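Student: My structure is below; once you've seen it, I'll send some questions.
The values are calculated or read from the model by the stated rules, or taken from the named source; none is laboratory data. Here the structure is a predicted model, which means the values were calculated and not measured. Heads up, the Cβs are rebuilt from the backbone with ideal geometry, glycines too, and the neighbour counts pull from every protein chain shown. SASA here: full protein model, heavy atoms, side chains in, ligands and nucleic acids out. Shrake-Rupley method; radii C 1.70, N 1.55, O 1.52, S 1.80 Å.
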Protein chains: 2
Amino acid sequence: MSNLNRQLILAEYPESEFSESTFEWRESEIPEPKEGEFLVRNLFLSLDPAMRLWASSVDSYTKRIEIGDVMRGFTVGRVVSSKHKDFKEGDIVQGLDGWQDYGISNGINYNENGIQDTWNIKNIVDAGLPISSALSVLGHTALPAYYGLLNMAQMKEGQTVLVSGAAGACGSICGQLAKIKGCRAVGIAGGPEKCKLLVEKYGYDAAIDYKSEDLFEAIAKACPNGVDIFFDNVGGDTLNAALANINVGARILICGAISQYTQYAQEEVPGPSNYVALLTKRARMEGFIILDQYPEHRAKMESDMINWLKAGKIEFCDEIVQGLENAPKVINKLFRGENKGKLTIQIADKTEIERAIKAI
Amino acid sequence: MSNLNRQLILAEYPESEFSESTFEWRESEIPEPKEGEFLVRNLFLSLDPAMRLWASSVDSYTKRIEIGDVMRGFTVGRVVSSKHKDFKEGDIVQGLDGWQDYGISNGINYNENGIQDTWNIKNIVDAGLPISSALSVLGHTALPAYYGLLNMAQMKEGQTVLVSGAAGACGSICGQLAKIKGCRAVGIAGGPEKCKLLVEKYGYDAAIDYKSEDLFEAIAKACPNGVDIFFDNVGGDTLNAALANINVGARILICGAISQYTQYAQEEVPGPSNYVALLTKRARMEGFIILDQYPEHRAKMESDMINWLKAGKIEFCDEIVQGLENAPKVINKLFRGENKGKLTIQIADKTEIERAIKAI
């Protein structure tokens, strides 16, 4: 680690997937925090499907990243120095400090609308759980499952919960929450290996392989009482097939639309023609952006999830790749369905991470 | 009026619009009510877009009509004889007594799930309003506007409310409710004549002619602050263009999808590709079937609407066509956008109707 801050800069808006020319390296001085700010040494960086939206030439749910800016990203890091009342040197935080070694934050960078984006994760350290889990099973990939199913959809015992992208960072938690609440959980994933994981590791009652099965038929078969809740990470044909199988009063949670992201800034992709089922089934389809829910729901989610983890009721899998330099290549795994768990980049080396944990 | 009951029977499921061969006439004995039933002499019959769904070969939000059964329809009629505790001879009721001279009802025929479908409309008679309005501005075409905007969408002063099918029976009320609540009301309709009506009669702030304007551009222009609530009667391209213009937290109410009904039982029609806006804008799209809401919301709607009508705050237009025999031809006006107001068939003659009103 030098005294310079290595940064990955957005060099151009990708047309479909990220490519080598999407990013450029920049090395700059490590910045100093001003009043109300703090400096974070990033230890881990989360790679997320939403990054493809952020790096589109059009604004999505948040402002696009401008060409020449540091690529945005959720991070876990150590506060190096602070002029902020809520964060002090040595704190380990989950923040939004980007694809770089060091980030400056005021704690509410997100979208310029003042939503807190940085949280002290001492509870996670105290529970003896890996700090990288603040980017997965105890972070922004768990909260959608938790908030979506428990708050938005008001999931109840005996309901059938269908999940797409079910082997993914968020989907794998959805199935387990559904089982904790006494629901039937049916997961959709790509390939026999992932489908096996769904049933054997994540507790799904049934798994559907979208690569080899007719989705409509397979959903109908795996959900003999119809679909009460559909948690959608995928969109496209998957959403359309799910809509054709919903019950009266169903809740469709649009958490993501990964099948559509790489096409986002381009021409129209087909919409779900079965949306008319919303009418005939008096159903609701609702999108949500989890950062909105952090302030109100994060603490309760963290506490419940830590308890379920300790009780062995939740399994998770972080796929940690060493080295910030690998982020641009590795992220495309998400759009190809090649990742095996929550994709995370380890920016700092093991010794530095252990020292940071010990010091708090 | 003979002693026989003239009935229009569903003879085949139409492929697109209704045609001459869709229905057959049947004449049968006027039935006798059993215990818990009452006999209604139908005076008016409502013609509604939803009838196309009911007459599909697939079930929609309610059971399909079987071939050989009387065509279903909302009616206003006089109770001729009754063995039901809540309805007595001479009552004028709004019910679901079908395309026929006489219907037998137990008051809860709808969909076999026990939802009350027959209501005494004495308040409407007492207010000096035409009884046919129980099929329009005081009935099932008003309740969606009232319940959808006020209850589901929680419409608030200063919001922008966009309405498709805005010159229709329901859409014309939407705009007026939006104005009563201090919103900006923008209506979409077909042709300059209807657009003129929207602004001059129904109080819309702006009208968009979908036949001559680019919908996306026109909505953007007419809704400079974006769309907070979209009340959709149409679906298809209209819904897609509206989705591209919604604000954060928008509410899309799917009341109907008339553009899709005639294709309902056939091959896929394109879905709204901009549904991803639900995600990026944290928005909600929800369908509803107004019969579900009758028991809880009908009385309040009737009372509020009667007050607004008396205060001159609500205009309406019933397009009343004489003679049950004209129903099969006339109904297609709805799918071609040719109706000028709420399409209603007058089954009984004027003298009989006046006598019925005088007698209560």
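Student: What percent do you get for the relative contact order of the stretch B:215-360 when only Cα pairs under 8 Å and 6+ apart count? Don't skip to the answer; put the middle values down first.
Tutor: Working: 164 pairs, mean separation 25.8, N = 146.
Relative contact order comes out at 18 percent.
Student: Restricting to bridges with both residues inside chain B, how much of the DSSP beta-bridge set is antiparallel, in percent to the nearest 5?
Tutor: On the way: 30 of 56 bridges.
Restricted to chain B, the bridges split so that about 55 percent are antiparallel.
Student: Carbon and sulfur atoms: what percent of the 1.4 Å accessible area of the stretch B:143-290 do they account for? Please list the in-between numbers first.
Tutor: On the way: 2330 of 5090 Å².
Accessible surface attributable to carbon and sulfur in the stretch B:143-290 totals 46 percent.
Student: Right, another one. Average partner chain C-beta neighbours within 10 Å, per residue of A:285-293? Let's see the in-between values first.
Tutor: Details: counts 9, 9, 12, 5, 5, 0, 0, 3, 1.
So the per-residue partner count for this stretch is 5.
Student: What are the residues whose amide H is under 5 Å from the amide H of A:GLU319, where those residues sit 5 or more places off or on another chain and H is modelled from the backbone?
Tutor: A:GLY341, A:LYS342, A:LEU343, A:THR344
Student: If you don't mind, another one. Tally the DSSP beta bridges in the protein assembly as shown and give the antiparallel ones as a percent, rounded to 5. Please list the in-between numbers first.
Tutor: Working: 64 of 116 bridges.
Of all bridge pairs located within the protein assembly as shown, approximately 55 percent are antiparallel.
Student: Looking at chain A as a GNM with Cα springs under 10 Å, which of A:GLU35, A:GLU286, A:GLU66 has the largest mean-square fluctuation?
Tutor: In this elastic network of chain A, the residue with the biggest mean-square fluctuation among A:GLU35, A:GLU286, A:GLU66 is A:GLU35.
Student: For Cα pairs less than 8 Å apart in space and 6+ apart in sequence, what is the mean separation divided by the residue count of chain B, i.e. the relative contact order in percent?
Tutor: Details: 783 pairs, mean separation 63.1, N = 360.
The normalised contact order for chain B reaches 18 percent.
Student: I've got another one for you. Looking at chain B as a GNM with Cα springs under 10 Å, which of B:GLU37, B:GLU12, B:GLU27 has the largest mean-square fluctuation?
Tutor: B:GLU27
Student: Return the sequence-ordered ³J(HN,Hα) values of the stretch A:277-285 in whole Hz as given by the Karplus equation 6.51 cos²θ - 1.76 cosθ + 1.60 applied to θ = phi - 60°, using x for Gly and Pro.
Tutor: 4, 4, 6, 5, 9, 6, 10, 10, 10
Student: Calculate how steeply helix B:294-310 sits against the longest principal axis of the alpha-carbon atoms of chain B, using the helix alpha-carbon long axis, and give the answer as 0 to 90 degrees to the nearest 10.
Tutor: Result, in degrees: 80.
Student: Give the dimensionless ratio obtained when the Cα radius of gyration of the stretch A:5-111 is divided by 2.2 N^0.38 Å. All intermediate terms of the calculation are to be shown ahead of the outcome.
Tutor: Details: Rg = 14.0 Å, N = 107, 2.2 N^0.38 = 13.0 Å.
Normalised Rg, Cα atoms only: 1.08.
Student: Here's something else I'd like to know. Going down the table (B:LYS179/B:LYS310; B:LYS211/B:LYS281; B:LYS88/B:LYS122; A:LYS34/A:LYS358), which pairs top 19 Å between alpha carbons?
Tutor: Values: B:LYS179/B:LYS310 16 Å; B:LYS211/B:LYS281 28 Å; B:LYS88/B:LYS122 12 Å; A:LYS34/A:LYS358 27 Å.
Violating the 19 Å Cα-Cα cut-off are B:LYS211/B:LYS281; A:LYS34/A:LYS358.
Student: Now for a different question. Based on the inverse mean of 1/r over its pairs of different Cα atoms, what is the Kirkwood hydrodynamic radius of the stretch B:239-360, in Å? Kindly include the intermediate steps, with their values, before the conclusion.
Tutor: Numbers: mean 1/r = 0.0538 Å⁻¹.
Evaluated on the stretch B:239-360, it is 18.6 Å.
Student: Taking the 0 to 90 degree range and rounding to the nearest ten, how far is the long axis of helix B:350-359 tilted relative to the main principal axis of chain B, both from C-alpha atoms?
Tutor: Tilt relative to chain B: about 80 degrees.
Student: While we're looking at this one, here's another question. Please list, ordered by chain and number, the residues whose modelled amide H lies under 5 Å from the amide H of A:GLY73; skip anything fewer than 5 residues away on the same chain.
Tutor: So A:GLY73 has HN proximity to A:ASP97, A:GLY98, A:TRP99.
Student: Enumerate the calculated ³J(HN,Hα) couplings along the stretch B:68-73 in order (Karplus 6.51 cos²θ - 1.76 cosθ + 1.60, θ = phi - 60°), each rounded to whole Hz, writing x wherever the residue is Gly or Pro.
Tutor: Here the 3J(HN,Hα) series is x, 8, 5, 4, 6, x Hz.
Student: For chains A and B related by rotation, which residue of A has the Cβ nearest the axis, and what is the rounded distance in Å?
Tutor: A:GLY271, 2
Student: Next question. With all protein chains present, how much of the accessible area of the stretch B:32-120 (probe radius 1.4 Å) comes from carbon and sulfur, to the nearest whole percent?
Tutor: Values: 1460 of 3210 Å².
Taking all protein chains in place, the stretch B:32-120 shows 46 percent carbon and sulfur surface.
Student: While we're looking at this one, here's another question. Using only the alpha-carbon atoms, what does chain B span along each of its principal axes? Please give whole angstrom values in decreasing order.
Tutor: Here the spans come out as 60, 47, 36 Å, largest first.
Student: Distance between the C-alpha centers of the stretch B:1-67 and the stretch B:334-360? Whole Å please.
Tutor: Value for the Cα centre distance between the two parts: 17 Å.
Student: Give the ranking of B:ARG72, B:ARG52 by solvent-accessible surface, highest area first, calculated with a 1.4 Å probe. If you can, show how the numbers build up before the last one.
Tutor: Details: B:ARG72 55, B:ARG52 0 Å².
Result, largest first: B:ARG72, B:ARG52.
Student: If you count only protein heavy atoms with a 1.4 Å probe, what accessible area per residue comes out for the protein assembly as shown, rounded to a whole Å²?
Tutor: Working: 28670 Å² over 720 residues.
With all protein chains present, the protein assembly as shown gives 40 Å² per residue.
Student: Given springs between every Cα pair under 10 Å in a Gaussian network model of chain B, which of B:GLN322, B:GLN94, B:GLN154 has the largest fluctuation?
Tutor: Most flexible of the set in this elastic network: B:GLN154.
Student: Compute, for B:CYS183, the solvent-accessible surface of its heavy atoms (probe 1.4 Å) with the complete set of protein chains present, and express it in square angstrom to the nearest 10.
Tutor: We get 0 Å² for B:CYS183.
Student: For the protein assembly as shown, divide the Cα radius of gyration by the Kirkwood radius and give the resulting Rg/Rh value with two decimals.
Tutor: Details: Rg = 29.4 Å, Rh = 27.9 Å.
A ratio of 1.05.
Student: How large is the convex hull of the C-alpha atoms of the stretch A:72-225 per residue, in Å³?
Tutor: Numbers: hull volume 22.7 nm³, N = 154.
Hull volume normalised by residue count: 148 Å³.
Student: Checking an interface number: how much accessible area is buried between B and A, summed over both chains, with a 1.4 Å probe, in Å² rounded to 100? Numbers along the way, then the final one.
Tutor: Values: alone 15760 and 15760 Å², together 28670 Å².
Buried area (both sides, nearest 100 Å²): 2800 Å².
Student: Not counting ligands, DNA or RNA, and with a 1.4 Å probe, what is A:SER19's accessible surface area in Å² rounded to the nearest 10?
Tutor: For A:SER19, solvent-accessible area is about 50 Å².
Student: Now a separate question. Kirkwood Rh and Cα-based Rg: tell me the resulting Rg over Rh for the stretch B:143-290, rounded to two decimals.
Tutor: Numbers: Rg = 13.8 Å, Rh = 14.8 Å.
Computed over Cα atoms, the ratio is 0.93.
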